[in-house]
Amino acid sequence: MSYAMQPILGKHMSETKLNGAEKRARRQLGKLFDAAWKREAKAAGWGYLKPTSFKRIGDWFVYLDPEISTERNSSKISATVKPFAIDDLMSRILGFEGLDGTSLSLRARGPHCLVVPMFSSSIEGDGGLDRMIELAAEFSKTMPVRVEALTLADFADFSAAPAGHVSANQVAALILAGEGEEAAKLCELAISIKQWGGPARSTADGKVVSFFHLARQWIDEHRDA
């Protein structure tokens, strides 16, 4: 079965809602999957922070998030991918210490760059728990090939906000890519429309400064670095 077909099958199988007994069975299946996936992921060299498995692959940080639905016979695993250096950069822009030397698990839950999944695949199918683990493992093994071709420009495009808004992740990615002037333009736009939300920093006098103000200042300070 190809990866391309799995999401289609998952969608088809999710159409029928479950009754109470079936939902309880799915919850039990989820618990069994978590335990089995933890063993499988660790054996394959992935870190684990329930329910997420994570790993550094080259210049990228990848974390896998399985989801076993308790409402329908539908399960999937998603991969969130971000530049390994982006959380460290965002920490420094916000005036915090960088993440060098800290646990990889910090990047799995942030602390700053939280993005939507870039890849996903159904793991629902005949064969029960063993087949689900097998499909999840097959998906995890595709990650090196999937991320090998990614560029910072790809990530910047992927993390862009809807029209009329600005993404802090896109700004940080552009800075990492050496596109400081383009990042500065986005910061100016965010500041001009008074966009809030996302990373920010409180000053000693209680004033909240947005990431975009701090990133604009960072760009100016490092323009000739």
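Which value at 222 nm does the chain reach when only helices count, each DSSP H run of 4 or more adding -39,500 (n - 2.57), with the total divided by all residues and rounded to the nearest 500 deg cm²/dmol? The partial results should precede the final answer.
Details: 10 runs with 104 residues, N = 225.
Here the helix-only value at 222 nm equals -13500 deg cm²/dmol.
May I ask for the longest run of the chain untouched by trypsin sites (Lys or Arg not before Pro) that are loop-located per DSSP and have at most 15 neighbouring C-beta atoms (other than their own) within 10 Å?
Formally, the longest exposed-site-free interval is 1-108.
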Find which of ILE86, HIS165, ALA44 sits farthest along the positive direction of the dipole of the chain, computed with +1 on the beta-carbon of Lys and Arg, -1 on that of Asp and Glu, about the Cα centre.
ALA44
So for the stretch 124-225, considering every pair of alpha-carbon atoms, how many percent are separated by more than 22 Å?
48 percent
Can you put ILE93, ILE68 in order of accessible area, largest first, using a 1.4 Å probe?
ILE68, ILE93
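Take the alpha carbon gyration tensor of the chain, find the square roots of its eigenvalues, order them as a ≥ b ≥ c, and report rounded if a/c is under 1.5; if not, report prolate when a/b exceeds b/c, else oblate. All intermediate terms of the calculation are to be shown ahead of the outcome.
Details: a/c = 2.22, a/b = 2.05, b/c = 1.08.
Here the chain falls in the prolate category.
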Pull up the cross-link candidates among the lysines for LYS207, meaning alpha carbon to alpha carbon under 16 Å and not fewer than 8 places away within one chain.
LYS194
Greater than 25 Å separation of Cα atoms is the criterion. Which listed pairs, LYS50/LYS82; LYS17/LYS141; LYS55/LYS185; LYS38/LYS76, meet it?
LYS17/LYS141; LYS55/LYS185
Point-charge dipole on Cβ atoms (K/R +1, D/E -1) for the stretch 77-158, about Cα centre, debye to 20
180 debye
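Please compute the net charge surrounding GLY164, taking Lys and Arg as +1 and Asp and Glu as -1 over other residues with Cβ under 15 Å from its Cβ. It would help to have the intermediate numbers written out before the result.
Values: positive: LYS185, LYS194; negative: GLU188.
Once all neighbours under 15 Å are counted, the net charge is +1.
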LEU150 accessible area, 1.4 Å probe, all protein chains in place, Å² to nearest 10:
40 Å²
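The values are calculated or read from the model by the stated rules, or taken from the named source; none is laboratory data. Note that the structure is predicted; figures quoted are calculated from it, not measured. Reconstructed Cβ throughout: ideal geometry from the backbone, glycine too, with neighbour counts over all protein chains shown. The protein model used for the area step is the full one, side chains on, heavy atoms only, and it has no ligands, DNA or RNA in it. Shrake-Rupley method; radii C 1.70, N 1.55, O 1.52, S 1.80 Å.
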